[in-house]
Every structure is written in structure tokens, then in C-alpha cells.
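Report on the structure given below.
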Amino acid sequence: MIETQQIFDNIIDPQSAKKTIQEWALVFGVSEKELSQTVNQLIDQGDLALSRKGKLVNPQDLGLYKGSIFINTKGHGYVSIEGNEEDTFISASYIKDAMHRDIVQIQVKVDHGEKFTSVVRVIERHTTTMVGTITLTKRGWEFFPLDVKLQKRYPIIIPKNIKVKSLDMIIARINSYQPLKFTAETVLGSSKNVGMDILGLLIEHKVPIDFSAQTLKDVELVKENVPFEAGREDYRNHFVVTIDGEDAKDLDDAISLQDDPKGIRLQVHIADVSYYVVENTALDKDAYTRGTSVYAANTVVPMLPEVLSNGVCSLHPEVDRYTLTASLLITPQGQIEDIQIHPSMIHSKRRLSYTYVNACLSDETLLQEENQEYKDFLKLAIQCSDALNQRKRRMGQLDFNTIESKFIMNDGEVVDIVARQGGRSERMIEDFMVAANEAVAYTLKTMQLPALYRVHDDPDPERIETIAKLAAAHGVTLKISKTGVHQTALQKILTAFDDSPLFSSISTLMLRSMKKAIYSEQPLGHYGLALADYTHFTSPIRRYPDLVVHRMLRKYVFSNRLDEKMFQDDLKAMPKIATQCSLTERRAVEAQRAVEDMKKAEYMIKHVGDVFDGIISGVTTFGFFVMIPNSVEGLIHMSTLHDDYYVFDHVNMRLIGERRRKSFSLGDEVVVSVTGANKDTRTIDFKYIKHVKVKP
């Protein structure tokens with residue numbers, strides 16, 4: 001029997017003449033029936049295609065491509081095709097019955113100079129179940145999915161063995177995709193239960209909630225005591241501290257610093273998770289499937305069970321902990337030299353919070369109340385961060401300083417939402433983590449070891465052109481060369497708008513112009529950080545790629561294993577792991593965003609009729625978005641602007657009235673009222689009242 005791979009390789013070889021199945025059967029010396037089975041399987045998988053003349057061809061010769069489809073809340077799709085830098089856009093009208101993250105075959109045609117893309121068929125279903133609420137109506141039981149693209153009620157079959165009540169949240173299996181038909185499969189509980197809305201959305205986004213029985217059994221054997229091991233560098237007498245948010249429980253990283261004749265010696269100590277999570281165990285397989293911890297409003301779905309994530313792996317104060325340490329010499333110019341990476345043990349002296357450290361940096365009286373050891377530490381930390389920032393500015397590293405939303409919850413209900421931006425201590429810790437990640441990436445690349453890298457491609461040229469035109473309209477020039485735009489040019493734009501109401505909008509536009517950072521087995525560099533070498537090493541409690549990097553260091557640097565088969569197996573495994581980690585990260589981001597949007601809409605229902613000052617944060621063809629001080633964004637639809645006929649000025653990112661020439665531009669300060677909020681669709685609507693300042 002001829003191998004499938006051999007058949008595939010021969011048929012798609014550009015040097016091979018196009019042949020029918022019958023002709024290829026003669027070439028391979030097999031029966032037509034035998035070959036047809038393999039060929040039909042390859043066609044079904046989207047790896048081969050038949051031309052109109054019955055010849056077997058590479059699907060791409062017919063404009064056919066295979067990839068994962070990601071469908072946004074408006075129903076439009078983006079297909080990620082292996083080997084393509086750009087995702088391919090598909091209008092909602094041409095997606096057929098494909099669902100979010102299905103593997104699809106698409107066809108790209110060019111008609112009168114315009115590219116036209118449509119889904120040909122679904123190769124593999126990713127979405128086989130949906131989450132929603134069930135209601136008993138006069139027509140019988142009906143199912144209302146959480147998916148905002150399917151906001152209507154569908155008839156549903158209730159098996160006799162499933163007991164349901166009206167308004168229960170359930171998982172339903174899809175029986176038919178066109179038209180959609182469902183059967184109830186699992187009852188999660190009443191949709192009115194505290195936290196059920198968040199749980200439902202997490203399950204809808206395929207976030208794994210429960211650990212396997214074997215994992216739970218295995219972690220029962222984890223020992224709390226941490227005896228000292230030979231071969232570990234002992235930092236227990238050093239002034240080692242953690243600096244995190246007040247509510248953080250999974251403390252991945254700690255730091256210590258010392259003066260050095262050539263600069264400052266920075267040690268970044270990271271939880272030695274690879275010591276506890278052994279490769280190919282049930283625990284490791286669960287962590288791989290999850291890929292990352294998910295943080296959604298007040299809910300955390302950890303990558304590792306709490307006995308590890310919040311327990312023996314977490315770098316709590318006044319207890320011994322196993323760590324991996326990146327010890328770096330930071331020169332006065334911010335260069336990273338004399339990189340030393342080794343297994344270690346720490347005994348954190350204090351658990352500091354960002355809030356407290358920021359207060360010490362802004363309040364000299366508070367700082368003077370502290371002991372000398374802490375004051376010396378903080379002085380060195382700021383000097384080290386300042387040095388790293390010098391280099392960061394020289395290289396053009398981009399700092400978007402984005403706004404995050406903090407949800408104040410009480411018994412599952414949002415009682416307040418607070419806009420949160422990082423202060424000096426947050427930026428300082430970020431500087432140290434980036435330095436450690438760069439140093440580890442450089443080490444892995446130099447030693448040519450199997451590894452995962454965090455890579456980030458150049459930004460989208462069209463979107464950069466939009467930013468350039470917008471900046472020019474405000475008197476700021478963005479230099480763009482034939483090869484693209486250098487990071488330093490974008491950095492100057494951010495600096496120019498630093499004190500302007502436009503900063504947040506410009507920063508957001510620039511962030512959206514960036515390609516998505518992903519994981520790769522190749523060290524391709526990180527555009528946003530302006531670094532040739534970058535990986536993720538500093539968060540192994542909550543990110544699987546960091547755990548993989550720790551394993552490679554343990555195998556090939558600390559233990560110095562020379563097993564050629566193991567080395568080659570690890571090299572071959574990296575591309576698959578990189579793809580999985582990129583997908584699970586994307587899943588986590590989508591789930592987090594969905595939960596935040598839902599909770600913001602729920603909170604704003606109580607504020608319908610209230611009036612807020614805000615800033616125009618986005619302008620589109622159908623209206624504009626306004627962000628109010630608590631970080632909530634709402635839409636002012638074009639149809640609600642009755643005083644003129646407004647058109648979208650793409651160059652200047654504004655709406656402008658045809659008669660009165662009144663405009664709504666990015667960064668304008670306006671007063672709005674809340675006219676509506678819908679928890680199901682996760683949308684908020686505002687009404688424009690007036691501009692805060694009269695425009696000249």
C-alpha cells in the first residue's frame with residue numbers, strides 16, 4: 001500500500017503533469033479503487049482538488065484555501081490560512097453555515113479587479129454545541145443562544161433523561177446547521193444563579209472549566225514543604241520581593257537587585273513550575289489544552305489547579321520557593337550583559353502592591369517611614385528601570401499605556417467600573433520582565449535550542465497611513481519610508497499627543513494597526529518591543545509557552561542532556577505547540593472581552609438616562625463611539641443625529657455635516673446621555689447632547 005504522504009507529495013509537485021485518478025493509479029501501480037479512497041480523503045480534507053477536466057490539482061491552483069475561520073460579533077469572518085501573514089476577510093453574506101473557528105475551505109476569485117471570497121464548505125466542525133437559556137412557551141421549549149450572532153429563539157428537543165426548568169442555562173448539541181436545530185445535552189443551572197452568566201459565556205467560548213479526574217488525583221500528592229536542592233543558587237538571604245496587584249494570588253515573579261561596578265545586577269526570579277508539572281502527565285495535558293489562565297471580570301479560570309497556581313508555585317512571602325532566575329547586568333545605558341540563567345531558591349521578604357509602591361514614589365513622607373533595606377531596593381529598582389527605558393526609547397519600543405477596566409463586584413453584580421492605567425511601579429516591573437524575556441530568548445537562539453518565541457510582525461500599511469493622515473491634520477508628521485515605518489517614528493507620534501485628549505484614541509488606533517503577536521518556533525523578532533529576540537519566560541503559572549521555555553532550559557541548559565532523539569522530537573513538537581498556544585490565547589482574549597462587554601452593558605442598564613462627559617474614541621461609517629470616564633464605551637448611531645446629513649471623512653477620522661459642516665472627530669470631548677443597554681447583545685447606546693468645548 002502506497003503511503004498517503006507520498007501520493008500527496010507527488011500530485012502537488014509543481015514539476016508533475018496534471019493527471020486524472022486513473023492516470024495516477026497507473027503511475028503508482030495501484031488499482032483505481034484503492035487510490036480513489038486515499039484521494040477522496042485528501043479532497044475531503046481540502047488538501048487536493050479536482051479540476052473541471054477531472055485532473056487532480058493543488059487546491060490553490062483553483063483559488064481554494066483551507067484555514068480556521070474566526071467570526072466577529074457582526075457575522076463577518078476572518079480566515080487564518082497557514083503560510084499567509086494576513087487573515088482573509090469574508091463578508092457575512094458568504095459564510096454559509098460555517099461557525100466560529102470551524103476549519104473551512106474558501107475560494108478566492110477576482111472579478112473586475114476586485115477580490116471576492118466565499119466559504120465553499122466546512123471541512124471540520126469546531127462548534128458542535130452552544131450555550132444558552134431555555135424557555136417554555138406556547139410553542140413548546142425554545143432555546144436562546146448566548147452567541148450574539150444568533151439572537152433569536154430556536155425550537156429544541158428535550159430528551160426524557162434531562163430535567164429542565166424555564167430559564168435554565170444549558171449546553172445544547174447542534175443537530176443541524178442549516179437550518180439550526182438543537183437538542184438539550186447538559187443543564188448548568190438557573191440562569192439567575194450568581195455567576196451563571198459568566199460561566200455560560202466561558203463555556204460558550206470553549207474555555208475548559210474542570211480539570212480531569214487524574215489531574216485532581218495527582219495534585220493531592222503535591223507536598224507543601226520545599227526542601228533545598230543541590231544545584232540551585234540560594235537567594236534566600238537576598239532582599240527578594242514581589243510587586244503585584246492587591247488581588248493577585250498567582251505570584252509568578254519576584255525581583256532582587258544589587259549595585260555592581262558596571263551597573264546594576266537585576267535578578268528576575270520566576271516560579272519553577274516545570275519542577276511540578278511533568279511532561280506528558282494528565283496535569284501537563286490539561287495545561288496544554290487550556291494554554292493560559294482566563295481572567296474575566298471577577299472570575300479566574302486557572303491553567304493549573306489552585307494547589308499549584310495559588311499554592312506551592314506562587315511566590316508568597318516568608319516561605320521558601322523553587323524558582324528559575326535570570327540574572328542580568330544592566331549597564332547605565334540600559335544594555336543587557338552577562339546573562340546567567342539557573343535554577344534557584346528564594347524566600348520572598350515582602351509582598352508589595354503596585355498601589356503601595358506608587359504611593360511611596362509619589363509621597364516622600366511615606367517612603368521615609370520605610371526601613372533602609374526597602375529604600376535602597378526602591379532606589380536601585382528605579383535606576384535600573386530608567387536605564388532600561390533609555391535603551392527602550394533609543395530602539396523605539398512602543399508604550400501604548402492602554403486603559404483597562406476594573407470591575408467592583410458584589411455577589412455577582414457589578415457595583416462599579418473603574419478605569420485603570422498602569423503607574424510607575426507597573427511600568428518598572430514590565431521593564432524587568434521584558435528584559436528577562438529578551439535575555440532568555442537570546443540565550444535559546446544562540447544555543448540553537450528547541451524553543452517557543454513571542455513574535456510580532458510589522459503593522460498594517462493601510463492603517464498606518466490612516467494614522468499618518470490623522471496626525472498630519474493635527475500638525476504632526478509621521479515619517480514612512482519605502483520599507484515601512486520604524487518604531488521610533490510611531491514612538492514620536494505617541495509622545496507628540498501625550499498630553500492631548502487625542503492620546504487614548506491615537507494609541508488605540510495604533511494598537512489596532514498592529515498585527516497580532518503570536519507564538520512561533522522561529523525567532524522572528526517583536527516589532528512592538530523593537531527587539532530581535534523575545535520569548536515568554538516570566539509567567540509559567542498562567543501561560544503554557546512559558547512552561548515550555550522552562551522545560552527546554554531545564555533539559556538542555558541546566559541538565560545538559562545530549563539525547564539526540566529527544567532533541568529532534570522537541571524540535572518537531574514546537575510548531576504544533578506554538579499554534580496551540582496562539583489559538584488558546586486568542587480564545588481567552590475573546591472570552592474575556594465577551595464577559596467584560598456583557599458586564600458593562602449590565603451595569604449601564606442602571607444608568608439609562610444619566611449624563612456623562614466623554615471622549616470620542618472611534619469614528620465609523622455608521623456613527624461614533626464615546627468612552628466615558630469609567631472606561632465604558634457606547635455607540636452614538638448616525639441615525640440619532642437629526643440636525644444634518646453626516647458623512648464619514650476617512651482621512652481625518654470624523655463625521656462631518658454636509659450643510660452646517662459640524663463635525664465629530666476622534667478625541668473630541670462631548671456630553672452624552674445613556675439611552676439603552678442590552679446585556680444579551682452586549683451593546684450600549686448613547687445620545688449626543690453637546691460638545692464640551694465650542695469648536696473654532
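The values are calculated or read from the model by the stated rules, or taken from the named source; none is laboratory data. None of these values were measured; they are calculated from a predicted model. Methodologically, a virtual Cβ is constructed for each residue, glycine included, from the backbone with ideal geometry; neighbour enumeration extends over all protein chains shown. Quick note on the areas: whole protein, heavy atoms, side chains included, nothing else; ligands and nucleic acids left out. Shrake-Rupley method; radii C 1.70, N 1.55, O 1.52, S 1.80 Å.
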- [ ] Give region 85-94 a look and list any residue that's open to solvent by 40 Å² or more (accessible area, probe 1.4 Å) and within 18 Å of VAL110 (Cα to Cα), or say none.
- [x] GLU86, ASP87, PHE89, SER93, TYR94
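Regarding PHE144, is this residue aromatic (Phe, Trp, Tyr) and more than 24 Å from GLU585 (Cβ to Cβ)? Steps first, please.
On the way: aromatic (Phe, Trp, Tyr): yes; more than 24 Å from GLU585 (Cβ to Cβ): yes.
Considered against the rule, which asks whether it is aromatic (Phe, Trp, Tyr) and more than 24 Å from GLU585 (Cβ to Cβ), PHE144 comes out as yes.
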- [ ] Please go through region 68-110 and pick out each residue that is of a type in the set (Gly, Ala, Ser) and in contact with a Gly (Cβ under 9 Å, 6 or more places away or on another chain).
- [x] SER80, SER91, ALA92, SER93, ALA98
Open item on the list: I'd like to know if region 100-107 contains one or more residues that are open to solvent by 50 Å² or more (accessible area, probe 1.4 Å) and acidic (Asp, Glu).
Closed with: no
Open item on the list: Of the conditions (1) under 30 Å from MET552 (Cβ atoms); (2) open to solvent by less than 30 Å² (accessible area, probe 1.4 Å), ASP457 satisfies every one except a single condition; which number is it?
Closed with: (2)
Task: Test: TYR519 is touching a Cys at 6+ places or on another chain (Cβ under 6 Å), within 17 Å of TYR453 (Cα to Cα) and not in a helix (DSSP H, G or I) - done: yes
Task: Conditions (1) assigned to a strand (DSSP E or B); (2) closer than 27 Å to PRO459 by Cβ; (3) in contact with a helix residue (DSSP H, G or I) (Cβ under 9 Å, 6 or more places away or on another chain): number failed by SER118 - done: (2)
Open item on the list: Quick check on my filter: what residues within region 626-677 are open to solvent by 20 Å² or more (accessible area, probe 1.4 Å), under 16 Å from VAL608 (Cβ atoms) and in a loop (DSSP other than H, G, I, E, B)?
Closed with: ASN630
Open item on the list: Take the conditions in a loop (DSSP other than H, G, I, E, B), open to solvent by less than 10 Å² (accessible area, probe 1.4 Å), out of contact with any Cys (no Cβ under 7 Å at 6 or more places or on another chain) and under 28 Å from GLN592 (Cβ atoms) and apply them to SER309. Does it pass?
Closed with: no
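Just to be sure I understand, how many residues within region 388-439 are among the small types (Gly, Ala, Ser), in a helix (DSSP H, G or I) and in contact with a helix residue (DSSP H, G or I) (Cβ under 9 Å, 6 or more places away or on another chain)?
Number satisfying all stated conditions: 2.
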- [ ] For region 678-696, name all the residues that are touching a residue at least 60 places away in the same chain (Cβ under 8 Å) and either assigned to a loop (DSSP other than H, G, I, E, B) or surrounded by fewer than 17 Cβ atoms within 10 Å (Cβ to Cβ) (or both).
- [x] ASN678, LYS679, ASP680, THR681, ARG682, ILE689, VAL692
- [ ] Name every residue in region 244-294 that is in contact with a His (Cβ under 6 Å, 6 or more places away or on another chain) and closer than 19 Å to LEU329 by Cβ, in order of residue number.
- [x] ALA254, SER256
Task: Residue that is least open to solvent (accessible area, probe 1.4 Å) [pool: residues in region 445-454 that are closer than 28 Å to GLU86 by Cβ and either among the charged types (D, E, K, R) or not in a loop (DSSP other than H, G, I, E, B) (or both)] - done: TYR453
- [ ] Please enumerate the residues belonging to region 250-266 that are out of contact with any helix residue (DSSP H, G or I) (no Cβ under 8 Å at 6 or more places or on another chain), open to solvent by 10 Å² or more (accessible area, probe 1.4 Å) and not acidic (Asp, Glu).
- [x] PRO261, LYS262, ARG265
Open item on the list: Cβ contacts < 6 Å: first residue within 17 Å of ARG463 (Cα to Cα), restricted to region 481-509; second residue β-branched (Val, Ile, Thr) and open to solvent by less than 20 Å² (accessible area, probe 1.4 Å), any location; separation 6+ or different chain. Result?
Closed with: VAL485/ILE464; LEU509/ILE467
Task: Answer residue from region 378-390, given it is under 16 Å from LYS262 (Cα atoms) and under 28 Å from the mean Cα position of the chain (by Cα) and is surrounded by the fewest Cβ atoms within 10 Å (Cβ to Cβ) among those - done: SER385
TODO: Give the number of residues within region 469-497 that are assigned to a loop (DSSP other than H, G, I, E, B) and on the phi > 0 side of the Ramachandran plot.
DONE: 1
Open item on the list: Condition check: open to solvent by 50 Å² or more (accessible area, probe 1.4 Å), among the hydrophobic types (A, V, I, L, M, F, W, C) and farther than 28 Å from LEU48 by Cα. Does ILE170 satisfy that?
Closed with: no
Open item on the list: For region 522-555, give me each residue that is under 19 Å from THR323 (Cβ atoms) and either of a type in the set (Phe, Trp, Tyr) or in a loop (DSSP other than H, G, I, E, B) (or both).
Closed with: THR535, HIS536, PHE537, THR538, SER539, PRO540, ILE541, ARG542, TYR544
Open item on the list: I'd like the full set of residues that are open to solvent by 20 Å² or more (accessible area, probe 1.4 Å), modelled with pLDDT of 95 or more and polar (S, T, N, Q), limited to region 197-246.
Closed with: SER212, GLN214, ASN237
Task: Given (1) outside any helix (DSSP H, G or I); (2) open to solvent by less than 10 Å² (accessible area, probe 1.4 Å); (3) modelled with pLDDT under 85; (4) small (Gly, Ala, Ser), index of the condition SER500 fails - done: (2)
- [ ] Could you please give the count of residues in region 47-83 that are outside any strand (DSSP E or B), modelled with pLDDT under 90, over 30 Å from LEU35 (Cβ atoms) and in contact with a strand residue (DSSP E or B) (Cβ under 8 Å, 6 or more places away or on another chain)?
- [x] 1
